[in-house]
Amino acid sequence: MMEISLAPGATFLARLPCDERTARRISDILSESFDPDEIVTVAAETGPGQWSMIAHFRTPPDEAALRALVAMAAGPDAAGAMVLETIEPRDWVAASLAGLEPVEAGRFLVHGAHDRDRVGPSRIGIEIEAALAFGTGHHGTTRGCLLALDRLLHGSKPWRVLDIGTGSGVLAIAAAKALRQHVLATDIDGAALKVARENARLNRVPSLISFVHAPGVGAHDIWAQGPFDLVLANILLGPLKLLAAPIARLTAPNGHVVLSGLLDAHAPAALAAYRAQDLRLERRLSLDGWTTLVLRRGR
């Protein structure tokens, strides 16, 4: 799922201390309800067992509409407790993410620069520059994909990997660092690819990842390098259904496909589209209301 930062300088903030599930639920609803160029939301662990939902806005939000969305997600008491404030212009994406705990997903540990020393010898660290990308693995879709990838790599070593809709590049970087081999990553958004390239450089794998600007799989470079032993697609239900047939054709016999960006309720529709392409379900993982599907193509 593509997750891109807003430009520094936003000066409007909404904050609500709450439990983890509530923070994630409100964060998801606000992200879906506002223009992605206007908002960045974070479900942040602020201390042991303590969480907050934090939303940054480029322009002042409609307070009544904002509180109504929070009430719909978590009830009127939560809507009333939410604090809105104006903050000084600064690199607020980095500031909001600086206090987040690293995200563990199997062997993978997604972290910021301030937590480099927490990557142990048995971990594969993925450092994401908060000022460049809001795609740190804290969302259930990204973490679900990382967990699925880690489990797959314990049982096999795919030689050709494709990451569709790479966003901040987390999945492509994870695959490149774990396998130490080439990964092809695509995105329809040129700004996302710029972020992903910088994150690849930050993680010292720029030579292992080729980034292609393409809608879906509509680029010659993708087809020229296929078929792939592993296809990662962390996007949304609509595009995933449209891509079912071409993804199946791009997947090698016995190859795996990892799909995410799916609300739990949307997973059956995605699964039906891919089963029709001779891809069978091997594993289903649900985190925070989001589903990751691991599929395998037959011989």
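The values are calculated or read from the model by the stated rules, or taken from the named source; none is laboratory data. In this text, all values refer to a predicted model and were calculated from it rather than measured experimentally. For neighbour counting, all protein chains shown are included, and Cβ atoms are generated from backbone atoms with ideal geometry for every residue, glycine included.
Quick one: would you say LEU153 is of a type in the set (A, V, I, L, M), part of a helix (DSSP H, G or I) and within 25 Å of LEU281 (Cβ to Cβ)? Step through it out loud before you land on a result.
Values: of a type in the set (A, V, I, L, M): yes; part of a helix (DSSP H, G or I): yes; within 25 Å of LEU281 (Cβ to Cβ): yes.
Yes.
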Legend entry - Members of segment 272-299 that are in a helix (DSSP H, G or I) and more than 16 Å from CYS145 (Cβ to Cβ): ALA272, ALA273, ARG275
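Okay, residues lined up against (1) over 21 Å from ALA196 (Cβ atoms); (2) at pLDDT below 80; (3) under 17 Å from the mean Cα position of the chain (by Cα):
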{"position": "ARG90", "(1), (2), (3)": "yes, yes, no"}
{"position": "VAL93", "(1), (2), (3)": "no, yes, yes"}
{"position": "PHE108", "(1), (2), (3)": "no, no, yes"}
{"position": "GLY112", "(1), (2), (3)": "no, yes, yes"}
{"position": "VAL119", "(1), (2), (3)": "no, no, no"}
{"position": "SER122", "(1), (2), (3)": "yes, no, no"}
{"position": "PHE134", "(1), (2), (3)": "no, yes, yes"}
{"position": "GLY144", "(1), (2), (3)": "no, no, yes"}
{"position": "ASP150", "(1), (2), (3)": "no, no, yes"}
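Residues of segment 265-281 being of a type outside the set (Phe, Trp, Tyr) and surrounded by 16 or more Cβ atoms within 10 Å (Cβ to Cβ), which ones? Walk me through how you get there before you give the answer.
Here is the first cut: in segment 265-281, the residues of a type outside the set (Phe, Trp, Tyr) are 265-273, 275-281.
Across segment 265-281, the qualifying residues are HIS266, ALA267, ALA270, LEU271, ALA273, GLN277, LEU279.
Is it fair to say ALA176 is of a type in the set (A, V, I, L, M, F, W, C), surrounded by 16 or more Cβ atoms within 10 Å (Cβ to Cβ) and assigned to a helix (DSSP H, G or I)? Break it down into steps so the answer makes sense when it comes.
Working: of a type in the set (A, V, I, L, M, F, W, C): yes; surrounded by 16 or more Cβ atoms within 10 Å (Cβ to Cβ): yes; assigned to a helix (DSSP H, G or I): yes.
Answer is yes for this residue.
Within segment 140-148, does at least one residue satisfy the condition of being in a loop (DSSP other than H, G, I, E, B) and assigned by TED's automatic domain parsing to the domain that holds ALA252?
Residues of segment 140-148 that are in a loop (DSSP other than H, G, I, E, B), as a first pass: none.
No, there is no match, as no residue in segment 140-148 is in a loop (DSSP other than H, G, I, E, B) and assigned by TED's automatic domain parsing to the domain that holds ALA252.
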Inset, instruction - Would you confirm whether any residue within segment 251-264 is of a type outside the set (D, E, K, R), surrounded by fewer than 21 Cβ atoms within 10 Å (Cβ to Cβ), assigned to a helix (DSSP H, G or I) and modelled with pLDDT under 95? - result: no
Legend entry - Tally of residues being over 19 Å from GLN277 (Cα atoms) and part of a loop (DSSP other than H, G, I, E, B) across segment 218-234: 1
Inset, instruction - Go through PRO246, PRO215, PRO268 for me and flag whichever is in the same structural domain as SER286 (by TED's automatic domain parsing) and either of a type in the set (A, V, I, L, M, F, W, C) or outside any helix (DSSP H, G or I) (or both). - result: PRO215
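Residues to consider are GLY261, GLY289, GLY298; find the one that is more than 24 Å from ASP28 (Cα to Cα) and not hydrophobic (A, V, I, L, M, F, W, C).
Numbers: GLY261 fails: more than 24 Å from ASP28 (Cα to Cα); GLY289 fails: more than 24 Å from ASP28 (Cα to Cα).
Testing whether each residue is more than 24 Å from ASP28 (Cα to Cα) and not hydrophobic (A, V, I, L, M, F, W, C) leaves just GLY298.
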Inset, instruction - Would you please list the contacts, defined by Cβ atoms under 6 Å and residues six or more apart or on different chains, that run from a residue in segment 23-42 that is at pLDDT 80 or above to a residue that is β-branched (Val, Ile, Thr)? - result: ILE26/VAL70; SER27/THR41; LEU30/THR41; SER31/THR41
Inset, instruction - Name the one entry in ALA185, ALA196, ALA192 that is more than 25 Å from ILE54 (Cα to Cα) and not in a loop (DSSP other than H, G, I, E, B). - result: ALA185
